[in-house]
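Worksheet: one structure, shown below.
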Amino acid sequence: MRTLILVRHSLSQIDLNSPPHQWGLTAAGRARCVPLARRLAEHRPQVVVTSREPKAAQTGELVAGQLGIPCLAADGLHEHCRLGGGFLDSGEFRARIEALFARPDRLVFGLETAQQALDRYRAALQAVMADRPEAVVAVVSHGTVMALFYGAITGQAPFAFWLRLGIPGFYTVSWPSLVVNSQTLEIATLA
């Protein structure tokens, strides 16, 4: 049995002149990668694979550097595609995310449905695990797709999980059985 560690990226720098998929980490976000790496070290990851979005790639690079393991990027691990939506205040953003989770087969926010995002993310995880021989693989990605995957494999409400998931945060999954190890569920912000 192998282990997949799903990691949510650290705090990102909001830039109203750029779309969220181009945002990098804040100084505090970079600092949070140190305790994140210490917590992940307990699970002994052998490689870090990241989304190509800067906030995830930077998180992964910092964690991998702390752990002395390789870091690489992979396709399909990006966040739910929200291009063209403009910047939303926190209340409107939360309402749109809730609607996305509530109606997974309807296009309610962004350019893909929740089901499309989940299918893409699941296929990307399967490709990562098929391409990597390591027993423990850490994947740094994004809150919405992580919550969709968590909901799909546990049967629990993804919106409630999304609300609780820290920035950064992580959970471990046995692979390929897709059993979440509740004893390793880390949803509190690691600061």
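The values are calculated or read from the model by the stated rules, or taken from the named source; none is laboratory data. Note that this is a predicted model, so its numbers are computed, not measured. Using ideal geometry, Cβ is built from the backbone for each residue, glycine included, and neighbour counts are taken over all protein chains shown. The protein model used for the area step is the full one, side chains on, heavy atoms only, and it has no ligands, DNA or RNA in it. Shrake-Rupley method; radii C 1.70, N 1.55, O 1.52, S 1.80 Å.
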Among residues belonging to the range 48-88 that are at positive phi and over 16 Å from the mean Cα position of the chain (by Cα), point out the one that is modelled with the highest pLDDT. GLY68
The range 41-66, residues that are in a helix (DSSP H, G or I), touching a Lys or Arg at 6+ places or on another chain (Cβ under 9 Å) and not hydroxyl-bearing (Ser, Thr, Tyr): ALA56, GLN58, LEU62, GLN66
Please verify whether GLY166 is surrounded by 17 or more Cβ atoms within 10 Å (Cβ to Cβ), modelled with pLDDT under 90 and either in contact with a Lys or Arg (Cβ under 8 Å, 6 or more places away or on another chain) or of a type in the set (Val, Ile, Thr) (or both), treating the condition exactly as stated. yes
Per the filter on the range 11-27, residues outside any helix (DSSP H, G or I) and among the aliphatic types (A, V, I, L, M) are LEU11, ILE14, LEU16, LEU25
Test ILE97 against the stated conditions and say whether it is among the β-branched types (Val, Ile, Thr), part of a helix (DSSP H, G or I) and more than 26 Å from LEU67 (Cβ to Cβ). yes
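Of the residues in the range 51-91, how many are of a type in the set (Val, Ile, Thr) and open to solvent by 20 Å² or more (accessible area, probe 1.4 Å)?
Looking only at that region, the number is 1.
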With the condition being of a type in the set (Lys, Arg), I'd like the helices (runs of 4 or more DSSP H) fully within the range 110-172 carrying at least 3 qualifying residues. none
Being hydrophobic (A, V, I, L, M, F, W, C), in contact with a His (Cβ under 7 Å, 6 or more places away or on another chain) and open to solvent by 20 Å² or more (accessible area, probe 1.4 Å) is the filter here, so list the residues in the range 92-135 that pass it. none
Return the pairs, sorted by first residue and then second, in which the second residue is outside any loop (DSSP other than H, G, I, E, B) and open to solvent by less than 30 Å² (accessible area, probe 1.4 Å), the first residue lies in the range 103-118 and is farther than 17 Å from THR154 by Cα and without any contact (Cβ under 8 Å) to a residue 24 or more places away in the chain, the beta carbons are less than 7 Å apart, and the residues are 6+ apart or on different chains. VAL108/ALA99; VAL108/LEU100
Quick check on my filter: what residues within the range 173-190 are out of contact with any Leu (no Cβ under 7 Å at 6 or more places or on another chain) and either at pLDDT 90 or above or open to solvent by less than 10 Å² (accessible area, probe 1.4 Å) (or both)? SER174, PRO176, SER177, LEU178
